[in-house]
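Undergrad: If you scroll down you'll find the structure; I have some questions about it.
The values are calculated or read from the model by the stated rules, or taken from the named source; none is laboratory data. If you're wondering where the values come from, they're calculated on a predicted model, not measured in any experiment. In this analysis, Cβ positions are derived from the backbone assuming ideal geometry, glycine residues included, and neighbour counts consider all displayed protein chains.
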Amino acid sequence: MAKQEQDREDLLRDGKQMLLRAECVIDDVVVVIGFRSQGQVSVYVGPDPVFQFNSSVELRRVFFNGKRYAAIQGRLCELMRSESSDRVRFSPQAILTNVETEIMANLDSELARIQIAIESPETHWGLAGGEFLDFQSQLSEWLAIVLDNVKIAETPNV
């Protein structure tokens, strides 16, 4: 992890670890959804929030309100940044239940908005790595599984 943080790159162009990815604009915010080779999914709603899921459709990492969170034993923990010499480390810290509830409510809301966008013929999607119908089908199937039934992973690892 770099010591200097900066705005995210152009994910549609540069997010090649997401083999199939697309972006659209929802309420003036660029939303990018990407699928990795093993079925992991990343959802970027502008630069913040970001939600990352493992191949079992479990939430594993979150960037929300400028803070990093990771799944540890089925709960979200804030990752506190500390620097020592030239290394950056993150230490997990427990968070209050209401913070986790706020993150999960935001996730549910964003996923519902994405579902409306993927079903709307008026929404323009930019695409990389495949065909739109394949992306639409894969995203619709994924949303059907995850919507209103988000499980937090045991570990933040892919």
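Undergrad: Got a sec? Which of Met18, Met1 is surrounded by 15 or more Cβ atoms within 10 Å (Cβ to Cβ), touching a strand residue (DSSP E or B) at 6+ places or on another chain (Cβ under 7 Å) and at pLDDT below 95?
TA: Working: Met1 fails: surrounded by 15 or more Cβ atoms within 10 Å (Cβ to Cβ).
Going through Met18, Met1 in turn, just one is surrounded by 15 or more Cβ atoms within 10 Å (Cβ to Cβ), touching a strand residue (DSSP E or B) at 6+ places or on another chain (Cβ under 7 Å) and at pLDDT below 95: Met18.
Undergrad: Another question, then. Being within 22 Å of Asp10 (Cβ to Cβ), in contact with a Gly (Cβ under 8 Å, 6 or more places away or on another chain) and not in a strand (DSSP E or B), is that true of even one residue in region 39-53?
TA: Checking region 39-53: at least one residue is within 22 Å of Asp10 (Cβ to Cβ), in contact with a Gly (Cβ under 8 Å, 6 or more places away or on another chain) and not in a strand (DSSP E or B).
Undergrad: Does at least one position in region 46-62 carry a residue that is at pLDDT below 95, basic (Lys, Arg) and surrounded by 13 or more Cβ atoms within 10 Å (Cβ to Cβ)?
TA: no
Undergrad: Taking Ser42, is it surrounded by fewer than 21 Cβ atoms within 10 Å (Cβ to Cβ), within 16 Å of Ile114 (Cβ to Cβ) and polar (S, T, N, Q)? Give the derivation first.
TA: Numbers: surrounded by fewer than 21 Cβ atoms within 10 Å (Cβ to Cβ): yes; within 16 Å of Ile114 (Cβ to Cβ): yes; polar (S, T, N, Q): yes.
It is true that Ser42 is surrounded by fewer than 21 Cβ atoms within 10 Å (Cβ to Cβ), within 16 Å of Ile114 (Cβ to Cβ) and polar (S, T, N, Q).
Undergrad: Go through region 6-38 and count every residue that is farther than 18 Å from Asn157 by Cα, among the basic types (Lys, Arg) and in a loop (DSSP other than H, G, I, E, B).
TA: Here is the first cut: in region 6-38, the ones farther than 18 Å from Asn157 by Cα are 6-16, 19-33.
Within this subset, residues satisfying the condition of being among the basic types (Lys, Arg) are 8, 13, 16, 21.
After this cut, where a residue has to be in a loop (DSSP other than H, G, I, E, B) as well, the list is 8, 16.
Residues meeting the conditions: 2.
Undergrad: To continue, here is another question. Contact list please: Cβ distance under 8 Å, first residue in region 135-155 and loosely packed, with under 13 Cβ neighbours inside 10 Å, second residue assigned to a loop (DSSP other than H, G, I, E, B), pairs at least six apart or on different chains.
TA: The qualifying pairs are Ile145/Val57.
Undergrad: Please go through region 83-104 and give me each residue that is in a strand (DSSP E or B) and in contact (Cβ under 8 Å) with a residue 12 or more places away in the chain, ordered by number. Steps first, answer last, please.
TA: We begin by selecting, within region 83-104, every residue in a strand (DSSP E or B); these are 83-84, 87-94.
Listed by number, the residues that qualify are Glu83, Val88, Phe90, Ser91, Pro92, Gln93, Ala94.
Undergrad: Evaluate region 113-133: report whether one residue or more is touching a Ser or Thr at 6+ places or on another chain (Cβ under 8 Å), not charged (D, E, K, R) and not in a helix (DSSP H, G or I).
TA: no
Undergrad: Continuing with this model, one more query. Give the residues of region 108-134 that are among the small types (Gly, Ala, Ser) and without any contact (Cβ under 8 Å) to a residue 24 or more places away in the chain, sorted by residue number.
TA: Looking only at region 108-134, we keep the residues that are among the small types (Gly, Ala, Ser), and these are 109, 112, 117, 120, 126, 128-130.
The answer is Ser109, Ser120.
Undergrad: Sticking with this one: Search region 69-82 for residues that are in contact (Cβ under 8 Å) with a residue 12 or more places away in the chain and surrounded by fewer than 19 Cβ atoms within 10 Å (Cβ to Cβ) and pair each with any residue that is of a type in the set (Gly, Ala, Ser) and in a strand (DSSP E or B) when their beta-carbon atoms are under 6 Å apart and the residues are at least 6 apart or on different chains.
TA: Met80/Ser91
Undergrad: Val62 is checked against (1) in a strand (DSSP E or B); (2) in contact with an Asp or Glu (Cβ under 9 Å, 6 or more places away or on another chain); (3) within 21 Å of Glu23 (Cβ to Cβ) and fails just one. What number does that condition carry?
TA: (2)
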